[in-house]
Amino acid sequence: AATRGATLDEARALGVDMIKVQVNWASAAPGKRRKPSGFDGTDPAQYPGWGRYDAVLADAKARGFKVMFALAPPAPGWATPRRGDRAGVTRPNAREFGRFAQAAARRFPGVDAWSIWNEPNHTGLLLPQSTKSGRPVAPHLYRGLVRAAATGLRRGGVGRDPVLFGELVPIGKPSRGPKRNLQPLRFLRAFFSGRPVSGVDGFAHHPYTRPAGPLVREPTADDATIRSYGRVLRALDSARARGKLRTRRKLPIWNTEFGFQTNPPDRFFGARIASVPRFWSISELWFSYENRRVKTISQYTMRDQPGATSLWQSGLRFADGRLKENIYANFR
């Protein structure tokens, strides 16, 4: 809160027109392990944790931004199984999540776009990913969350504002087991193998690349970094043609999280700072701007998180506030 206003002002000066806010279910909801008696999940007045989101929405709107709310994990403990739970991401209750979505829509009519969950093909955000034998599980859990949340948002008053799903990690692991991130295309094939999905207006993607940049091929054909938007679009179009994705028109891709971790500070997973402006130009102009179905491109984040390698280092500033001069100049 202490630095939010200045950061929003800086983002606005750089030409940013939309801010994405993670609205954590557990942070907004009451209770930890036990649901309060008589709790009505569709009633926004029964959620005590809206305050932080009220503030950021007001600050962003005051500066002319559009705002996207991403309804995100973790779930409150009472919305997950009592055994085997891991940080509110193990088999979250889709019906309760739909009620949360309805309450959020009723509470925040000024939001301009909505997104459902965060990185459901990541082991830290939805479990289990698959069975021990390798059969995908997370895509089916996520389909239930999407169907419930899309219905809840519409019931809460979201009209023509876009509702997005996806938010996928671009590279997974082909090995088996519940604690291996699923590759995005494999995730989508399983996601579209069940009941049809409707009520969505776009696909959100996190098309990060390897440190060597956006031209480097992914490990497998089931991965999809920014160079492979086409793989994702073909999967969406195939699902629509088979009646598994019920939309009036072909869905666009929203790039909702992107950037390049840099070295320094991250000497293990970061790209050389001198290379990042070129990587950005390729990513933005060649792969994003030239593809008419890519609706947005994003930068995550404004500032690195503290720590050399344990957290995320794709900011336009170092954690201490110093500019990454050549990268910053590329935006300015």
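Filter the stretch 41-78 down to residues that are in contact with a Gly (Cβ under 8 Å, 6 or more places away or on another chain), hydrophobic (A, V, I, L, M, F, W, C) and farther than 18 Å from L8 by Cα, then give me how many there are. Qualifying residue count for the region: 2. Contact map, the stretch 215-226: residues that are more than 20 Å from R189 (Cβ to Cβ) paired with residues that are open to solvent by 60 Å² or more (accessible area, probe 1.4 Å), Cβ distance under 6 Å, separation 6+ or inter-chain. Pairs shown: V216/R210.
Using the structure shown, decide if V200 is among the β-branched types (V, I, T) and in contact with a Phe, Trp or Tyr (Cβ under 7 Å, 6 or more places away or on another chain). Considered against the rule, which asks whether it is among the β-branched types (V, I, T) and in contact with a Phe, Trp or Tyr (Cβ under 7 Å, 6 or more places away or on another chain), V200 comes out as yes.
In the set (1) touching a residue at least 40 places away in the same chain (Cβ under 8 Å); (2) hydroxyl-bearing (S, T, Y); (3) more than 23 Å from G172 (Cα to Cα), the condition left unmet by Y300 is number (3). Taking the numbered list (1) part of a loop (DSSP other than H, G, I, E, B); (2) modelled with pLDDT of 95 or more; (3) surrounded by fewer than 18 Cβ atoms within 10 Å (Cβ to Cβ) in turn, G31 passes all entries but (2).
Note on the stretch 52-92: residues that are within 30 Å of H140 (Cβ to Cβ) and either among the aromatic types (F, W, Y) or surrounded by fewer than 18 Cβ atoms within 10 Å (Cβ to Cβ) (or both) amount to 9.
Looking only at residues of the stretch 9-28 that are in contact with a Phe, Trp or Tyr (Cβ under 7 Å, 6 or more places away or on another chain) and surrounded by 19 or more Cβ atoms within 10 Å (Cβ to Cβ), we find that the one that is nearest to F318 (Cα to Cα) is I19.
Mind checking whether some residue in the stretch 142-157 is exposed (fewer than 15 other Cβ atoms within 10 Å of the Cβ) and over 30 Å from P265 (Cβ atoms)?
Pass one, the stretch 142-157, residues exposed (fewer than 15 other Cβ atoms within 10 Å of the Cβ): 157.
Those still in the list that are over 30 Å from P265 (Cβ atoms) too: 157.
Within the stretch 142-157 (the criterion being exposed (fewer than 15 other Cβ atoms within 10 Å of the Cβ) and over 30 Å from P265 (Cβ atoms)), the answer is yes, since at least one residue qualifies.
Being among the β-branched types (V, I, T), farther than 19 Å from A70 by Cβ and in contact with a helix residue (DSSP H, G or I) (Cβ under 8 Å, 6 or more places away or on another chain) is the filter here; which residues of the stretch 1-54 pass it?
The initial filter retains those residues of the stretch 1-54 that are among the β-branched types (V, I, T), namely 3, 7, 16, 19, 21, 23, 42.
Still in the list and also farther than 19 Å from A70 by Cβ: 3, 42.
T42 - this is the single residue of the stretch 1-54 that is among the β-branched types (V, I, T), farther than 19 Å from A70 by Cβ and in contact with a helix residue (DSSP H, G or I) (Cβ under 8 Å, 6 or more places away or on another chain).
Residues satisfying the criterion are present in the stretch 321-331 (criterion: under 24 Å from E10 (Cβ atoms) and under 23 Å from the mean Cα position of the chain (by Cα)). In the stretch 101-111, the residue that is most open to solvent (accessible area, probe 1.4 Å) out of those that are more than 13 Å from R147 (Cα to Cα) and not in a loop (DSSP other than H, G, I, E, B) is R106.
For the stretch 37-56, enumerate the residues that are within 14 Å of F97 (Cα to Cα) and either at pLDDT below 95 or of a type in the set (S, T, Y) (or both). Hits for the stretch 37-56 are T42, Y47.
The values are calculated or read from the model by the stated rules, or taken from the named source; none is laboratory data. The shown structure was predicted, so the numbers you read here are calculated from the model rather than taken from an experiment. All Cβ positions, glycine included, derive from the backbone under ideal geometry; neighbour counts span all protein chains shown. Surface accessibility is based on the protein's heavy atoms, side chains included, excluding ligands, DNA and RNA. Shrake-Rupley method; radii C 1.70, N 1.55, O 1.52, S 1.80 Å.
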